[in-house]
Amino acid sequence: MKKIITLITAALMTSATALAQWSSTDTVKVIKNPEQVTITRQGNEVRLNVEGYGLGKRYEYQYNVKPDSNGSLETTHREGRKWQFDHPFKAEDTISTKPHFSFFLSDFYFGWGRCNVTDDNVQKKSMSEIGILNLIGAKYVFNANRTAISLGVGFGWSRYGLKPPYFYSRSDAGVLGNYEIADNHSRHKAMLQVWALQVPLMFHQKLGKKWEFSIGGIMNWNYYADAQNRYNIDKTLTETTIKGLYQRKITFDVRASITYRSLGVYFRYAPQSIIKAGYGPYYKNRWTLGITLLH
């Protein structure tokens, strides 16, 4: 009987000890869906480094384990919060995985393309553009930063060239045309350029952790346009600028892009002419293919 009581007492003490050890267990950190986990060892020190997104924010977390002078384990950890490059107006730790609004800056772009025109002298392959699609934008994220819709404001510049040996000209009625330069002109350059305020409405979908697909429409307010000629006459540089053109003030484009982290490619299609009908070459069905940065 004494042996049985002794065994029961020992079992209870063992259970109490195990329960005490279990209750003292401390969860240091819970990290979901990290982008990269690195475990390194130097001597007796083990270091865990985690990078990625947690709770809708960018983070870097380190946890070190090393023995102290008494032979017991000493642990230290450091957790750093970073700014997301596409959210420069809002700290990351205020971004939630729940549906939310955020502000951002994104899409510096430059591209090249061509267009259909009614004037054969226009150099179709010389069309190019550069700008920023979202100088400032507002984004509504639907679920865990995977799907979103955004509305922004940005600026863009585009140019259209002429084939040699032609220059841009304008009639008294304001019609943009062109003429052939004389033989004594050299090193000539002629281009039509347009500045626009852009208002993009885009749909965004994450493809895995690092890829994103975006598609949507852009309203352009083409607030200024001019034509520039540059040439040499007997080694003397001459420049002329033609203002007061009849560009179409409002145009609409379609744009699609795919990005990896902050670098991507985009395609843009503009079905409307940049010059009003009857006031110059009819630039229509314009398209560009280019590179986008800081998405």
When residues of region 246-268 are limited to those that are surrounded by 21 or more Cβ atoms within 10 Å (Cβ to Cβ), among the polar types (S, T, N, Q) and under 17 Å from the mean Cα position of the chain (by Cα), the one farthest from HIS295 (Cα to Cα): SER257
Selection status of ARG230, farther than 30 Å from GLY137 by Cα, part of a strand (DSSP E or B), touching a residue at least 40 places away in the same chain (Cβ under 8 Å) and charged (D, E, K, R): yes
Matching option when the condition is touching a residue at least 40 places away in the same chain (Cβ under 8 Å), surrounded by fewer than 19 Cβ atoms within 10 Å (Cβ to Cβ), out of contact with any Pro (no Cβ under 9 Å at 6 or more places or on another chain) and assigned to a strand (DSSP E or B), among ARG114, ARG159: ARG114
Single residue of PRO271, PRO281 found to be at pLDDT 90 or above and more than 15 Å from the chain's Cα centre (by Cα): PRO271
Residues (part of a loop (DSSP other than H, G, I, E, B) and either out of contact with any Ser or Thr (no Cβ under 9 Å at 6 or more places or on another chain) or among the basic types (Lys, Arg) (or both)) located in region 245-279: LEU245, TYR246, ARG248, LYS249, ARG261, LYS276, ALA277, GLY278, TYR279
Tally, over region 204-245, of residues that are over 27 Å from the mean Cα position of the chain (by Cα), among the charged types (D, E, K, R) and surrounded by fewer than 14 Cβ atoms within 10 Å (Cβ to Cβ): 4
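The values are calculated or read from the model by the stated rules, or taken from the named source; none is laboratory data. The structure presented is a predicted model; accordingly, all values stated were derived computationally and were not measured. Every residue, glycine among them, receives a Cβ derived from its backbone with ideal geometry; neighbour counts consider all protein chains shown.
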